[in-house]
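The values are calculated or read from the model by the stated rules, or taken from the named source; none is laboratory data. Note that the structure is predicted; figures quoted are calculated from it, not measured. Using ideal geometry, Cβ is built from the backbone for each residue, glycine included, and neighbour counts are taken over all protein chains shown. For the accessible areas, the whole protein counts, side chains as well, though only heavy atoms, and no ligand, DNA or RNA atoms are used. Shrake-Rupley method; radii C 1.70, N 1.55, O 1.52, S 1.80 Å.
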Amino acid sequence: MSTITDDDLFKLALQVGHHLSNTQRQLVTAESCTGGWLGKALTDIPGSSGWYQGGVVVYSNALKQSLLKVSEKTLATHGAVSDAAVREMAVGALEHLAGQLSVAISGIAGPNGEQPGKPVGTVWFAWAWRHGQAIHVNARLKIISGDRDEVRRRSVATALSGVLEL
């Protein structure tokens, strides 16, 4: 497994920009373990304001709740690094940040933070999009090996690749 470079992320973000421009959709983001890296990769592309509205970095559960309306029950029952939480993050971003498409990331980048059943490198992704009045969500779990930097780089690449599938 090769390392994801800054150039790789730039190329992926450029493809996302072309994809969103061609489909005339606006993207919004909700990030936890990547700490804004996805937004940085997107805004590295000149002209990204034409298809990227912006995003939020919600590292704490309190911000996940207040800014994205992730329910307290979801966080208490499943934790922030879960299918349920990341789906609510994606929908919350879509509803509160005025996009047609969103991506959310929540995970354990390490080197600490491992929980029972959730090793370092556990990352949940969700993509939400509007189709008429309905909101659809697709979520995916990845266990990513490597150090903190590699987990975060691969998470950004996965989030970008997922946008290209929609």
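In table form, for the structure just shown:
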{"quantity": "Residue match in the stretch 96-103 (condition: under 17 Å from Ala157 (Cβ atoms), of a type in the set (Ser, Thr, Tyr), assigned to a strand (DSSP E or B) and at pLDDT 95 or above)", "calculated": "no"}
{"quantity": "In the stretch 43-59, the residues that are at positive phi and not in a loop (DSSP other than H, G, I, E, B)", "calculated": "Gly54"}
{"quantity": "Verdict on Ala80 being touching a residue at least 12 places away in the same chain (Cβ under 8 Å), within 26 Å of Leu14 (Cβ to Cβ) and not β-branched (Val, Ile, Thr)", "calculated": "no"}
{"quantity": "Residue in the stretch 18-27 that is open to solvent by 30 Å² or more (accessible area, probe 1.4 Å) and within 15 Å of Arg152 (Cβ to Cβ) present", "calculated": "no"}
{"quantity": "Residue list for the stretch 29-77, filter: open to solvent by less than 60 Å² (accessible area, probe 1.4 Å), of a type in the set (A, V, I, L, M, F, W, C) and within 19 Å of Leu9 (Cβ to Cβ)", "calculated": "Ala30, Cys33, Trp37, Leu38, Ala41, Leu42, Ile45, Trp51"}
{"quantity": "Which numbered condition Arg130 misses (of (1) open to solvent by 70 Å² or more (accessible area, probe 1.4 Å); (2) closer than 16 Å to Val28 by Cβ; (3) in a helix (DSSP H, G or I))", "calculated": "(3)"}
{"quantity": "The lone exception for Ile143 - which of (1) more than 11 Å from the chain's Cα centre (by Cα); (2) among the hydrophobic types (A, V, I, L, M, F, W, C); (3) buried (at least 17 other Cβ atoms within 10 Å of the Cβ) it fails", "calculated": "(3)"}
{"quantity": "Where a residue in the stretch 43-64 is in contact (Cβ under 8 Å) with a residue 24 or more places away in the chain and closer than 14 Å to Gly92 by Cβ and its partner, wherever it lies, is assigned to a helix (DSSP H, G or I) and basic (Lys, Arg), with Cβ under 8 Å and at least six apart", "calculated": "Val58/Lys64"}
{"quantity": "Conditions (1) on the phi > 0 side of the Ramachandran plot; (2) touching a strand residue (DSSP E or B) at 6+ places or on another chain (Cβ under 9 Å); (3) of a type outside the set (S, T, N, Q); (4) open to solvent by less than 60 Å² (accessible area, probe 1.4 Å): number failed by Gly110", "calculated": "(2)"}
{"quantity": "Residue within the stretch 93-107 that is in contact with a Cys (Cβ under 7 Å, 6 or more places away or on another chain) and more than 28 Å from Gly132 (Cα to Cα) present", "calculated": "yes"}
{"quantity": "Residues located in the stretch 146-166, provided they are touching a Gly at 6+ places or on another chain (Cβ under 6 Å) and open to solvent by 10 Å² or more (accessible area, probe 1.4 Å)", "calculated": "Arg148"}
{"quantity": "Members of the stretch 1-42 found to be assigned to a loop (DSSP other than H, G, I, E, B), closer than 17 Å to Ala128 by Cα and free of Cβ contacts under 8 Å to residues at least 40 places away in the same chain, listed by number", "calculated": "Gln24"}
{"quantity": "Yes/no for Ala109 being touching a residue at least 60 places away in the same chain (Cβ under 8 Å), assigned to a loop (DSSP other than H, G, I, E, B) and within 20 Å of Val58 (Cβ to Cβ)", "calculated": "yes"}
